[in-house]
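Single-structure report; data block below.
The values are calculated or read from the model by the stated rules, or taken from the named source; none is laboratory data. What you are looking at is a predicted structure, and each value in this text was computed from that prediction instead of being measured. Note: ideal-geometry Cβ built from the backbone for every residue, glycine included; neighbour counts use all protein chains shown.
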Amino acid sequence: MMGDSAFGPRLRTGMKTGMASGIRDQTAIVGIGQTAFGKGLEDSELSLACQAIRAALDDAGMAAAEVDGLSLFSMEDGREVEVARNLGFGDIHYFGQVGYGGGAGCGVIAHAAMAVATGQCNTAVAWRARKRADAGSRPWAQVSQRISGFQSWSRPFGLLRPVDEIAMLARRYMHETGATRDHFANVALAFRGHANRNPNAMMQAKELTREAYMKSRWISEPLCLFDNCLETDGALAVVITGADRARDRRSSPVWIHAAAQGLPPQHQVMTNFFCEDPLQGPAWATARKLWAASDFTPADVKVAQIYDAFSPLIPLSLEGYGFCGRGEGAAFTEDGALEWPHGRLPTNTSGGGMSEAYVHGFNLILEGVRQMRGTSTAQVENADVCLVTSGEGVPTSALLLRN
Amino acid sequence: MESSFLLPDTEDPVSAPFWEGTAVGELRVQACGECGRWRMPPRPMCPVCQSLETVWRPTSGQGHVWSYVRPHPPLLPAYAEVAPYDVAVVSLAEDPAIRFVGNLVTEASAPMNSLSEGHVAIGMEVRVVFPAPQEGVVLPRWSPA
């Protein structure tokens with residue numbers, strides 16, 4: 001009675017529709033910056049944001065006065081005016097926000113790229129600052145007694161946290177596809193191995209074994225502790241500018257080849273249980289636009305940074321972005337496929353949200369830039385395009401970066 | 001913090017008829033008054049024909065488990081006390097795309113953790129049951145059919 005076909009066509013991932021993208025390779029990331037990652041950092045989110053932006057401008061070799069565009073998460077605590085007052089920016093001509101938490105990261109880059117490509121601004125900064133590791137900051141713990149809106153259909157019954165909501169999809173995914181906890185462990189172990197090489201990763205010194213994964217405590221069955229991302233204080237920023245300003249910087253420009261956002265029919269944020277096929281989430285919608293706007297196909301991509309608030313999002317995203325067929329994402333993770341250096345698709349090469357830091361996925365964007373610069377601590381040889389994705393399970397976004 | 005369960009806002013005019021139904025032991029679904037399409041969760045406009053005409057239909061209260069989870073602490077205190085407990089997404093017999101989140105329990109008044117591990121499976125048939133009201137609100141629950 002309520003098939004998705006009633007709300008719009010479903011195109012195959014990767015289908016070329018012939019549409020040109022006005023931003024293809026028109027803009028580049030020319031600077032990246034970040035603070036340390038940790039728990040209980042003293043500085044405010046605004047201060048952390050300003051420090052990361054200053055570091056990104058230094059990396060680009062740019063003065064604050066060159067910035068005239070600001071692109072940020074709607075959840076950001078430090079707003080445009082405060083950031084501009086601290087960094088001493090001049091006239092700002094583009095400022096905009098993207099919603100839906102972890103789905104926003106590549107979206108804020110996309111918005112900045114659009115603003116630069118259309119001439120609304122010349123150089124934009126985009127950032128995310130977060131103090132997640134403070135227990136008082138957990139949004140799920142700050143609920144009023146009467147729940148309104150979409151959460152009124154799930155929270156009273158004890159789906160309190162994001163992990164409970166994704167665990168529901170994970171159990172269904174296991175049922176439909178034969179995925180097992182071993183597959184989720186493949187994800188956790190691959191990313192931990194990458195973090196062990198990354199001196200900035202929160203889990204750099206902590207090794208993880210399959211045995212430890214299997215023995216860890218449940219958080220929301222079928223998901224255990226190591227299926228969850230970290231809780232992190234920290235901030236990251238990037239500088240985006242046009243081709244004319246992108247050359248002759250301290251580092252080679254990393255081109256924003258394609259960018260897309262996606263919100264599929266009948267989607268509901270996190271509790272996406274009410275559409276015809278909840279396992280075809282926002283990744284599928286985003287991928288349709290991303291590949292159509294690109295010169296590349298999934299087969300061309302040799303390194304990826306895939307949003308990993310929870311391990312099951314990796315197989316779901318591998319399917320959505322077309323690296324394998326429907327139901328094949330878990331099997332894709334076998335034989336070390338996600339592991340640097342020998343896997344077929346080294347993924348989250350800095351450790352990702354599960355083992356480097358969880359800053360709403362923004363660290364995945366910076367790692368994508370490092371891969372294209374050739375400066376990752378798990379550098380994939382001859383990688384010339386990197387997929388970066390934002391949160392699956394919410395209206396989301398993705399980038400294809402190239403060098 | 002006082003230990004109590006979260007309750008929905010039952011005064012939102014769009015969804016109030018759902019809660020009026022559970023209060024009298026009826027599981028209702030919102031439907032379009034023009035094309036008849038059922039929709040869940042409730043909303044003002046039909047996504048197929050864009051009509052604002054809304055009616056509420058009684059359902060069989062029969063369904064099957066689409067998926068389920070068992071949350072463990074850390075949780076809000078009231079939930080932590082009964083954890084791990086069973087929460088399912090149930091597909092309605094009349095239309096499997098109409099789904100409800102709810103607790104799986106042995107009977108209407110049983111605690112949220114009353115079904116022992118291994119007694120829940122995707123596909124198991126369940127029926128809606130209605131516990132006593134909490135602060136005037138009846139949260140529908142599901143028991144093995």
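General observations
- In summary, no strands (runs of 3 or more DSSP E) completely within segment B:10-87 bear 2 or more residues that are of a type in the set (A, V, I, L, M) and more than 26 Å from B:Arg127 (Cβ to Cβ).
- Looking only at segment B:41-59, and only at residues there that are more than 10 Å from chain A (Cβ to nearest Cβ) and touching a helix residue (DSSP H, G or I) at 6+ places or on another chain (Cβ under 8 Å), the one that is surrounded by the fewest Cβ atoms within 10 Å (Cβ to Cβ): B:Pro58
- Tally, over segment B:88-112, of residues that are surrounded by fewer than 21 Cβ atoms within 10 Å (Cβ to Cβ), in a loop (DSSP other than H, G, I, E, B) and within 10 Å of chain A (Cβ to nearest Cβ): 1
- A search for C-beta distances below 8 Å between a residue of segment A:201-213 that is closer than 16 Å to A:Asp227 by Cβ and any residue that is among the hydroxyl-bearing types (Ser, Thr, Tyr) and surrounded by 20 or more Cβ atoms within 10 Å (Cβ to Cβ), counting only pairs 6+ apart in sequence or on different chains, returns A:Met203/A:Ser355; A:Leu208/A:Ser355.
- Exactly one residue out of A:Ala113, A:Ala55 is crowded, with 23+ Cβ neighbours inside 10 Å and part of a helix (DSSP H, G or I), and it is A:Ala113.
- If the condition is being aliphatic (A, V, I, L, M) and in a loop (DSSP other than H, G, I, E, B), then segment A:59-73 contributes A:Met62, A:Ala63, A:Val67.
- Residues that are more than 9 Å from chain A (Cβ to nearest Cβ) and in contact (Cβ under 8 Å) with a residue 40 or more places away in the chain, drawn from segment B:60-77: B:Gly61, B:Gln62, B:Gly63, B:His64, B:Val65, B:Pro77
- Matching residues, segment B:119-143, being free of Cβ contacts under 8 Å to residues at least 60 places away in the same chain, crowded, with 16+ Cβ neighbours inside 10 Å and of a type outside the set (A, V, I, L, M): B:Pro131, B:Arg141, B:Ser143
- Screening A:Leu48 with (1) within 22 Å of the chain's Cα centre (by Cα); (2) within 15 Å of A:Arg245 (Cβ to Cβ); (3) buried (at least 24 other Cβ atoms within 10 Å of the Cβ) gives one miss only, at (2).
- Residues in segment B:95-132 that are closer than 25 Å to B:Gln30 by Cβ and touching a helix residue (DSSP H, G or I) at 6+ places or on another chain (Cβ under 7 Å): B:Val101, B:Gly102, B:Asn103, B:Phe130.
- When segment A:376-403 is filtered for residues that are under 19 Å from A:Ile29 (Cβ atoms), in contact (Cβ under 8 Å) with a residue 60 or more places away in the chain, among the polar types (S, T, N, Q) and in a loop (DSSP other than H, G, I, E, B), the ones remaining, listed by number, are A:Thr377, A:Ser390, A:Asn403.
- Residue match in segment A:160-168 (condition: buried (at least 22 other Cβ atoms within 10 Å of the Cβ), away from every other protein chain (no Cβ under 14 Å), in a helix (DSSP H, G or I) and modelled with pLDDT of 95 or more): no
- Candidate set from segment A:333-373 (those that are under 23 Å from A:Ala258 (Cβ atoms) and of a type in the set (A, V, I, L, M)); member that is surrounded by the fewest Cβ atoms within 10 Å (Cβ to Cβ): A:Leu345
- Residue ID - farthest from the other protein chains (Cβ to nearest Cβ), chosen from residues in segment B:18-32 that are surrounded by fewer than 15 Cβ atoms within 10 Å (Cβ to Cβ) and of a type outside the set (Val, Ile, Thr): B:Gly25
- Matching residues in segment A:74-110 - criterion: being over 22 Å from A:Glu392 (Cα atoms), touching a residue at least 24 places away in the same chain (Cβ under 8 Å) and assigned to a helix (DSSP H, G or I): A:Glu82, A:Val83, A:Asn86, A:Leu87
- Complete set of residues in segment A:58-73 that are surrounded by fewer than 18 Cβ atoms within 10 Å (Cβ to Cβ) and under 18 Å from A:Leu366 (Cβ atoms): A:Asp58, A:Gly61
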